[in-house]
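Enquirer: After the structure tokens below, expect a handful of questions from me.
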Amino acid sequence: MNHPENNPQYTGLNVNKGVMQPPSVNPYLHLTRRKTYSVQEYVDEILAGNITVLSQAVTLVESSRTEHQEMAQAIIEKCLPYSGESVRVGITGVPGAGKSTSIDAFGMHLLGEGHRLAVLAIDPSSERTKGSILGDKTRMEKLSVEKNAFIRPSPSAGSLGGVARKTRETIVLCEAAGFDYVFVETVGVGQSETAVHSMVDFFLLIQLAGTGDELQGIKRGIMEMADGIVINKADGDNIDKANMAKRHFANALHLFPLPESGWSPEVLTYSGHYALRIDEVWDMIHRYINFVKANGYFDRKRNEQSKYWMYETINERLKNDFYHNPNIEKMLPILEKEVLLAKKSSFIGAKEALEAYYS
Ligand code: GDP
């Protein structure tokens, strides 16, 4: 080509032939597209500890599409025989209690001992807030870059029951992938604790000192569920206050009857931020696990949990089928109006809807 720069006056300048302008659509795109696996391939990869495939399987568990759900259920069923071998720890505490800082510290402690840890979360508010704040990788700086840690935010769609069921199914997949510790994180403000309690072996409540009235704001029910209460931020000026809070909580726990496990919940102080006395927290958890394994409560509780989740799943499914039935979807707003206008009683409204569903 007759390029001006090819003129002899520019000797020494070599004009490159260059390459053709690439097309705007990447012709290699199909090569980078995600591979689709069969159920057996999913299972094999999960059992081999493939985290990428584990993540994709969890996405199937979380999906509401029927074909994804069917595949997810098939994968879970095949993974079940390889599950159950982890220590499952529920972690709760109000926002700011230091859950993510502590999970980072607890997790690094476990990884240091050669364990593998999955961190899951149940955050029923995430549907409203569009995106979960719990289990967010950026909140656990150290763990999030570790290859032996798997961090997954809360499933976001659906009712608490649905979200919790998905987390429980994810536990099965994580265990099959070789994670021998599983944390399930939740906020200490409501119903979600019961759901977490029903899927873990040890329930840890993170508390803070120095709010004056330590027991205020924690529902009695949550304290009753705790197998251990740990007072975070026991560092610097806060140590005395933390010790005082420890006494408060220990006294309060004395007033509760001994739990079914036979284990008296303990109260400890530690610092998640400075990683102080983390080993004491783990010592407590391990002593608990040994204790309940020895007295049979560990297996009994897991069996109870399996039963509970069977019924939860049935309830969830029945409810979903009912409310997503096209007939019912049309009928309900009309019935609702009639009930509001007192043209029909609530019971007659319910009866008519149910009869239409079962007819
Ligand atoms: P979360 O909302 O329960 O997850 O709480 P975070 O882990 O985000 O902690 C809330 C705040 O408390 C952050 O500013 C942390 O730096 C601080 N914090 C957490 N743990 C400790 C601790 O052990 N000591 C001190 N002094 N501060 C802490």
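Enquirer: Can you pull the three principal axis extents for the Cα set of segment 35-82, in Å, largest first?
Expert: The Cα atoms of segment 35-82 stretch 27, 23, 16 Å along their principal axes.
Enquirer: Pop the C-beta distance of E70 and H254 into the FRET formula with R0 = 51 Å and round what comes out to the nearest 0.05. Intermediate values should be presented prior to the final figure.
Expert: Details: r = 51 Å, r/R0 = 0.99.
For E70 and H254, the calculated efficiency is 0.50.
Enquirer: Within the chain, which complete DSSP H helices have Cα atoms spanning at least 15 Å along the helix axis and a mean Kyte-Doolittle hydropathy of 1.0 or higher? Walk me through the numbers before you get to the answer.
Expert: Working: long enough: 51-62 (16 Å, 1.44); 66-79 (20 Å, -0.59); 99-112 (19 Å, 0.35); 160-176 (24 Å, 0.26); 239-254 (23 Å, -0.56); 278-294 (24 Å, 0.04); 297-323 (38 Å, -1.80); 326-340 (22 Å, 0.10); 346-358 (18 Å, 0.14).
The answer, listed by residue number, is 51-62.
Enquirer: Could you please report the charge total around G161, scoring K, R as +1 and D, E as -1 over all other residues with beta-carbon less than 12 angstrom from its beta-carbon?
Expert: Numbers: positive: R165, K166, R168, R317, K319; negative: E312, E316.
Its environment carries a net charge of +3.
Enquirer: Oh, and also: Can you give the alpha-carbon Rg of segment 295-359 over 2.2 N^0.38 Å, where N counts its residues?
Expert: Values: Rg = 18.1 Å, N = 65, 2.2 N^0.38 = 10.7 Å.
The value comes to 1.68.
Enquirer: Using only Cα atoms, what Kirkwood radius does the chain have, in angstroms?
Expert: Numbers: mean 1/r = 0.0423 Å⁻¹.
Its Kirkwood hydrodynamic radius stands at 23.6 Å.
Enquirer: Moving to a separate point now. For segment 241-359, what Kirkwood radius comes out of the mean inverse Cα-Cα distance, in Å? Before the final figure, lay out each step's value.
Expert: Details: mean 1/r = 0.0509 Å⁻¹.
Value: 19.7 Å, from the Cα pair sum.
Enquirer: Over segment 87-128, consider all pairs of different Cα atoms and compute the Kirkwood hydrodynamic radius from their mean reciprocal separation; express it in Å, one decimal. List each step's numbers first, then the result.
Expert: Details: mean 1/r = 0.0849 Å⁻¹.
For segment 87-128, inverting the mean 1/r across all distinct Cα pairs yields 11.8 Å.
Enquirer: Can you sort M20, M284 by how many other beta carbons sit within 10 Å, fewest first? Numbers along the way, then the final one.
Expert: Numbers: M20 5, M284 19.
Lowest count first: M20, M284.
Enquirer: If each DSSP helix of 4+ residues adds -39,500 (n - 2.57) and the sum is divided by the residues in the chain, what number results at 222 nm, nearest 500 deg cm²/dmol?
Expert: On the way: 14 runs with 174 residues, N = 359.
Result for the chain, helices only: -15000 deg cm²/dmol.
Enquirer: Compare the peptides 237-245, 87-95 by average per-residue count of other Cβ atoms within 10 angstrom and give them in order, highest first.
Expert: Working: 237-245: 15.9, 87-95: 22.0.
Ranking the peptides 237-245, 87-95 by packing returns 87-95, 237-245.
Rule-based calculations on the coordinates, nothing more; no lab input. In this text, all values refer to a predicted model and were calculated from it rather than measured experimentally. Cβ atoms come from the backbone with ideal geometry, glycine included; neighbour counts cover every protein chain shown.
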